[in-house]
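Note sheet for the following structure.
The values are calculated or read from the model by the stated rules, or taken from the named source; none is laboratory data. Computed from a predicted structure; not experimentally measured. Methodologically, a virtual Cβ is constructed for each residue, glycine included, from the backbone with ideal geometry; neighbour enumeration extends over all protein chains shown. Side chains included, ligands, DNA and RNA excluded: accessible areas come from the protein's heavy atoms. Shrake-Rupley method; radii C 1.70, N 1.55, O 1.52, S 1.80 Å.
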Amino acid sequence: MELAPPQPVLDIAERLEKAGYETWCVGGAVRDALLGHPHLDWDLATAARPEQVQKLFRRTIPVGIEFGTVGVLDRAGTLHEVTTFRRDVHTDGRHAVVEFGASLDDDLARRDFTVNAIAWSPKRRELRDPFGGRRDIDRRVIRAVGEPRERMTEDRLRALRAIRFAARFGFTIDPRTWDAIVESAPFLGRLSAERVKQEIDKTMEQVVKPAGAFALWRDAGAFATLVPALARVSDAELGPLDCTPLPAAGPRGADRRLTRLALLFAPLGASEAGKVMSALRFSKLDTGWVVALVERWRALGEEMGAALGASPPDDASVRRWVARIGRTRTRAFLRMAAATWAAARARGEEAPTPAAVRALARRAIVIAFRDPIEIADLAVDGDDIRRAGFAPGPILGKILSALVEWVIEDPARNVPERLLERARWLRDHPNDDNLSSS
C-alpha cells in the first residue's frame, strides 16, 4: 500500500536518508492513513542522533532532546517531530529513561499498541509492521505490543489511551489487553491530575460517542481510582454525551467540549462537580462555566421538560428561564437540555419532542439577546432611582431586582416613567408580593 505523507515530511526524510540516516514515518499518522483518516501531524523516527538532526537542519527546536526528539521547522514554519530510534532502559510507570542506538524494530517494540507500531519508509516504499498492527486495524482491535501487562506497567496512561483509541475508531479491546487494563486501574493514581484531565479532554474532542469510553473507564475501575464520585455512574447518566456533536475547531468547538463536560459531571451535582474539576486541574473559567450549567440544569431541567410536554410556554415563562440561566449561557444550556432529552427519548422515556426543543431554542436565543432580563437591561439604574427621591441603602437593590421581575412579565414596561412609578409603589408597599400588577 502506498502512503502519501505531506511533501515537507518527505523532504525531511530525504535529507536524513541522503546523509546516511535510516528514516521512517511512524505513529498515529501511519495508523490513520491505513484507516483512511486524514492526519496532519506526521512524525519521523531516524537513526540520526539529536545533535546530528540539529546539524542537518537550519531551523530546529529541542522539543524533547533528552528523549531524542527534535522539532524541525519546514519552510512554512510548521514543526515536524524527528525522534532518534530508542529503547527503554527504565520506567517508573509514567516516565522512561531511554538509550539511543537502537534499531527501527527496537523503537517500534517500545510503543503501546500494535496499530501505533507501524512504520512507513518513503525511500523504500516499504511498510514495516513487526507486530501485526495492520491485521489488527482490519480486525478493528486494540492490542498491546508484546506482553500487555508489561506495557501497562511501563506507562499507566496506556490504559486510558487504549480506551480512547477503541472508542474513537469503533474498535474492541483485545481480551488480554483488557485484563491488563483492569489490573492496572488501581495504580492509575500515579498519573498526574493534568494527564487525567488531558485524557478526558481528548476523549471529548476525538470520540463521536464518548459515553462508551467513559463506561469503560467505569468498568475497568479507572473512575474508582481517578474520579471516585463517578465510580458508579450509570449508562443512562452517560447517555446524553452521545447526543452531542463532536467539537470542531474554534470557539464553537470549545463551547461544545464544555457542554460535554457538563453532561459528564451533571450526575454529581454542582458542588461535587466543582470539586472534581478543581482536583483534575481544569481551569477556573471552565470549572465555573460547567458548575453554573449543572446548577441551572438541576434547578430548571425538570420544570422545563414538564412545561414543554404540555404546550408551548408563553414568552414570559421563557424570559424567566433565560433570566435564571443567564444570557451568555443560554445556548450551552439548551444544548445540554436537548442532549439529555434526546437520551431520555432513546431509552423510551417521556421527554419533549425534537420539534418542541428546536422551537424553544429559537425563541430563547432571540429573547436572551432582545428582551430585558437583567438589572443592566433596565431603562433606569440606581442613580436614577436615588435622584427620584429614594434614600440610598439595601432597599435600592431589592427594588431593582423586583423591577427586573416586573419587566420580564411584560418588556413594554421597561420605560423610565413606568419603572420609577413602579419603584415608588414598591417602596410604599414593602410587604406586598404581587409584583406583576401594572
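What are the pairs, 6+ residues apart or on separate chains, where a residue within region 374-394 that is in contact (Cβ under 8 Å) with a residue 60 or more places away in the chain and within 20 Å of Glu409 (Cβ to Cβ) has its Cβ under 6 Å from a residue that is surrounded by 13 or more Cβ atoms within 10 Å (Cβ to Cβ) and charged (D, E, K, R)?
none
Only residues that are within 15 Å of Ala213 (Cβ to Cβ) and either of a type in the set (A, V, I, L, M, F, W, C) or touching a residue at least 40 places away in the same chain (Cβ under 8 Å) (or both): list them for region 169-187, please.
Result: Phe169, Phe171, Ile173, Trp178, Ile181, Ala185.
So that you can scan it fast, the table gives a plain yes or no per residue for (1) surrounded by fewer than 15 Cβ atoms within 10 Å (Cβ to Cβ); (2) modelled with pLDDT of 90 or more; (3) over 19 Å from Glu154 (Cβ atoms):
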residue: Gln54; (1), (2), (3): no, yes, yes
residue: Phe57; (1), (2), (3): no, yes, yes
residue: Thr60; (1), (2), (3): no, yes, yes
residue: Glu66; (1), (2), (3): yes, no, no
residue: Val72; (1), (2), (3): no, yes, yes
residue: Ala76; (1), (2), (3): yes, yes, yes
residue: Val82; (1), (2), (3): no, yes, yes
residue: Asp88; (1), (2), (3): no, no, no
residue: Thr91; (1), (2), (3): no, no, no
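Which pairs have Cβ atoms under 6 Å, sit 6 or more apart or on different chains, and link a residue in region 405-421 that is closer than 12 Å to Arg320 by Cβ to one that is polar (S, T, N, Q)?
Short answer, once both residue conditions are applied: Val407/Asn414; Glu409/Ser436.
Does Val82 satisfy being of a type in the set (A, V, I, L, M, F, W, C), part of a strand (DSSP E or B) and in contact (Cβ under 8 Å) with a residue 60 or more places away in the chain?
On the way: of a type in the set (A, V, I, L, M, F, W, C): yes; part of a strand (DSSP E or B): yes; in contact (Cβ under 8 Å) with a residue 60 or more places away in the chain: yes.
Here the answer is yes, as Val82 does meet what is asked.
Show me the helices (runs of 4 or more DSSP H) entirely contained within region 156-268 in which 3 or more residues are among the acidic types (Asp, Glu).
193-206
Exactly one of (1) open to solvent by less than 10 Å² (accessible area, probe 1.4 Å); (2) β-branched (Val, Ile, Thr); (3) in contact (Cβ under 8 Å) with a residue 60 or more places away in the chain; (4) in contact with a strand residue (DSSP E or B) (Cβ under 9 Å, 6 or more places away or on another chain) is unmet by Val196. Its number?
Single failed check for Val196: (4).
Return the residues of region 17-49 that are under 17 Å from Arg125 (Cβ atoms) and assigned to a helix (DSSP H, G or I); say none if nothing qualifies.
Glu17, Lys18, Ala29, Val30, Ala33, Leu34
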